[in-house]
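**Q** I am attaching a structure below and will ask some questions about it afterwards.
The values are calculated or read from the model by the stated rules, or taken from the named source; none is laboratory data. Note that this is a predicted model, so its numbers are computed, not measured. As a convention, Cβ positions derive from the backbone with ideal geometry for all residues, glycine included, and neighbour counts pool all protein chains shown. Remember, those area values only see protein heavy atoms, side chains included, never the ligands or the DNA or RNA. Shrake-Rupley method; radii C 1.70, N 1.55, O 1.52, S 1.80 Å.
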Amino acid sequence: MESLPGFRDFEPSACAQRNALFYGWRTVARRFGFEEFDGPIAEPLELFTQKSGEEIVNQLFAFEDKGGRKMALRPEMTPSLVRILGKSLATLKKPTKLFNITEQFRYERPQKGRLRSFYQFNADIVGEPSLSAEAELIALAVESLRYFGLTEEHFYVRLSDRQLWQLWLKAFGITDEVLVGGILGLLDKWERRPKEDIEKDLIKLLPSCVQTQTFFEATEQLRHCKTLEAIEACFSQQTTDAELSEALHQRLSELEALLHDLAVLECEKFVAVDLTIVRGLAYYTGFVFELFETGNQGRALAGGGRYDQLFEKLTHHPMPAVGFAAGDVTLTDLLNKYHLLSDYKRTADVFCVFEETERDRALRCTQMLRRENFSVLYSFGEAKVLSKQLKKAYVEQPQYIVIFTQELASCGKVQVKCLADETMREVGLEEMAEVLRKKRKIEA
Ligand code: HAM
């Protein structure tokens with residue numbers, strides 16, 4: 001029987017890769033002072049239908065339990081984080097920096113980089129209104145990829161701003177919240193859709209006073225602005241409204257301050273201003289970003305941004321927040337492309353083989369070494385002959401094979417074979433343990 005479409009089996013080598021990824025994410029998150037948290041894999045359905053946005057709602061694995069409760073497998077972690085912290089917001093330490101590594105479920109069409117079950121590394125800063133939170137998270141996202149050996153030649157961060165886009169719509173007189181949400185949703189898919197389809201949607205969305213073609217062309221121009229000066233010039237072609245210009249000026253200086261912090265945190269060469277990024281999730285309110293392989297091949301490696309209103313909407317208690325999530329599917333593909341995740345399969349330190357009379361002695365030694373944190377294998381019942389056990393031992397490729405024979409037992413010794421240099425020596429049990437401890441020290 002096959003696994004379900006979009007779900008994966010993790011056989012040992014894939015599992016070793018996954019663990020290596022999780023280990024790297026966890027290590028870097030701790031370096032940045034983030035604490036790990038977790039929550040349930042299933043949540044009340046309405047947690048996701050309220051504020052995540054239409055796209056995610058359409059992709060939910062939703063069902064009723066036997067008690068008639070509507071529930072869903074989590075498609076993302078952010079609403080759960082809000083629900084969990086929402087219980088104690090009045091006493092929340094500010095800022096609170098949290099991360100987790102969890103499985104998510106989305107009913108998407110399985111394709112390269114997109115599955116129905118995948119893992120995410122989420123990192124969020126809650127209770128911090130300043131841009132230091134954005135800078136910290138973008139730096140964390142960059143370091144979490146640098147950790148694996150990726151450089152600016154392999155990936156980059158596309159940094160954008162939903163507030164700039166809202167100001168842009170305001171320049172066309174569009175301020176209605178639902179309409180703004182609809183156009184931001186359209187901007188999110190802009191890159192992937194033919195011009196005619198976008199225009200058809202614009203005709204439906206734009207108020208009659210805004211000419212579709214003018215809006216389309218001006219918006220195309222803004223989407224491709226790569227510098228703050230170019231953005232300012234693009235706006236000035238559309239509006240001379242003093243209040244709007246002041247708001248734009250203010251926002252651009254915040255963007256400049258964020259870029260400055262990112263430069264000081266040595267992330268400058270990884271970050272590009274890119275207003276084509278809007279983000280599909282509806283709850284973002286400010287700066288947003290996505291990480292991509294250079295050349296924009298494939299789907300995003302990670303994405304996030306500021307969501308200052310989600311706490312208030314879900315818990316009625318205002319609380320600023322910023323976060324991002326990286327996915328394991330695209331990152332594993334990228335790391336494998338550059339052979340940066342291939343050497344993590346662990347082999348045993350020791351394989352004990354023994355003549356039948358020496359079984360108890362070998363098992364006692366096995367347990368003694370395991371309690372010292374060495375990984376040790378031995379042959380189970382069926383392979384009683386030493387040569388068969390040795391064959392099994394070679395298949396496992398341990399660092400050492402320890403051989404227990406009756407002859408050597410009489411002088412309290414064992415044979416230790418090192419597979420790396422093919423040397424063999426006869427030593428007492430304590431000396432054998434000392435050899436292994438020394439080797440471990442060198443490796444550490
Ligand atoms: P997202 O952009 O939906 O954001 O997902 C983040 C990352 O998860 C994506 O960049 C991608 O690598 C991975 N991902 C998403 N869907 C799939 C899929 N079907 N298959 C494989 N990988 C996928 C969020 O989930 C936000 N909750 C992130 C966030 C945290 N914002 C604030 N805090």
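**Q** Sum -39500 (n - 2.57) across every DSSP H segment of at least 4 residues in the chain, then divide by the residue count to get the 222 nm mean residue ellipticity, nearest 500. Please list the in-between numbers first.
**A** Values: 17 runs with 195 residues, N = 444.
Mean residue ellipticity, 222 nm, calculated: -13500 deg cm²/dmol.
**Q** Continuing with this model, one more query. How much area per residue is accessible in the range 149-273 when the probe is 1.4 Å and only protein heavy atoms are counted (Å²)? Write down the numbers at each step before the final one.
**A** On the way: 6540 Å² over 125 residues.
Roughly 52 Å² per residue, with all protein chains present.
**Q** What is the helix-to-structure angle for 359-371, meaning the angle in degrees between its Cα long axis and the longest Cα principal axis of the chain, kept from 0 to 90 and rounded to the nearest 10?
**A** The answer is roughly 30 degrees.
**Q** Measure off, as a whole percent, the carbon and sulfur share of the 1.4 Å-probe accessible area of the range 12-342, all protein chains present.
**A** The C+S portion of the solvent-accessible surface of the range 12-342 is 51 percent.
**Q** Another question about this same structure. If you roll a 1.4 angstrom probe over the protein chains with everything in place, what fraction of the accessible area of the range 348-443 belongs to carbon and sulfur, to the nearest %?
**A** Carbon and sulfur together cover 52 percent of it.
**Q** Can you find, among Val126, Ile403, Gly173, the residue sitting farthest towards the positive end of the charge dipole of the chain, where Lys and Arg contribute +1 and Asp and Glu -1 at Cβ?
**A** Ile403
**Q** Here's something else I'd like to know. Under the definition of Cα pairs under 8 Å and six or more residues apart, what whole-number percent is the relative contact order of the range 12-342? It would help to have the intermediate numbers written out before the result.
**A** On the way: 518 pairs, mean separation 81.7, N = 331.
Relative contact order comes out at 25 percent.
**Q** Now a separate question. Kindly write out, for the range 93-102 in residue order, the coupling ³J(HN,Hα) from the Karplus curve 6.51 cos²θ - 1.76 cosθ + 1.60 (θ = phi - 60°), rounded to whole Hz, with x marking Gly and Pro.
**A** 5, 10, x, 9, 10, 10, 9, 7, 10, 9
**Q** Moving on to the next point. As a test, work out the antiparallel percent of DSSP beta bridges whose residues both lie in the chain, rounded to the nearest 5.
**A** On the way: 49 of 62 bridges.
About 80 percent, rounded to the nearest 5.
**Q** Right, here's the next one. With a 1.4 Å probe and all protein chains in place, put Asp349, Asp38 in order of accessible area, largest first.
**A** Values: Asp349 30, Asp38 100 Å².
Order by accessible area, largest first: Asp38, Asp349.
**Q** Roll a 1.4 Å probe over the protein heavy atoms and report the accessible area of His224 in Å², nearest 10.
**A** Rounded to the nearest 10, that gives 100 Å².
**Q** With +1 on each Lys and Arg Cβ and -1 on each Asp and Glu Cβ, and nothing else charged, work out how big the dipole of the chain is about its Cα centre, in Debye to the nearest 20.
**A** 1580
**Q** Rounding to the nearest 10 and keeping the result within 0 to 90°, find how far the Cα-based axis of helix 328-337 lies from the longest principal axis of the chain.
**A** 70
**Q** Which far-off residues, 5 or more places away or on another chain, put their amide H under 5 Å from the one on Thr285, with H placed in the peptide plane?
**A** Residues meeting the amide H criterion: Arg306, Tyr307, Asp308.
**Q** Using a 1.4 Å probe, what is the accessible area per residue for the range 304-371, in Å²? Walk me through the intermediate numbers first.
**A** Details: 3330 Å² over 68 residues.
Averaged over the residues of the range 304-371, the accessible area is 49 Å².
**Q** Once the Cα atoms of helix 242-264 and of the chain are each reduced to a long axis, what angle between those two axes, in degrees from 0 to 90 to the nearest 10, is obtained?
**A** Approximately 20 degrees, to the nearest ten.
**Q** Stretched out fully, how many nm does the piece from Ala242 to Lys93 gain, at 0.36 nm a residue minus the Cα gap?
**A** That pair, Ala242 and Lys93, stretches by 49.7 nm at full extension.
**Q** Can I ask one more? To the nearest Å, what is the center-to-center distance of the range 18-50 and the range 395-433, using C-alpha atoms only?
**A** Between the Cα centre of the range 18-50 and that of the range 395-433, the gap is 44 Å.
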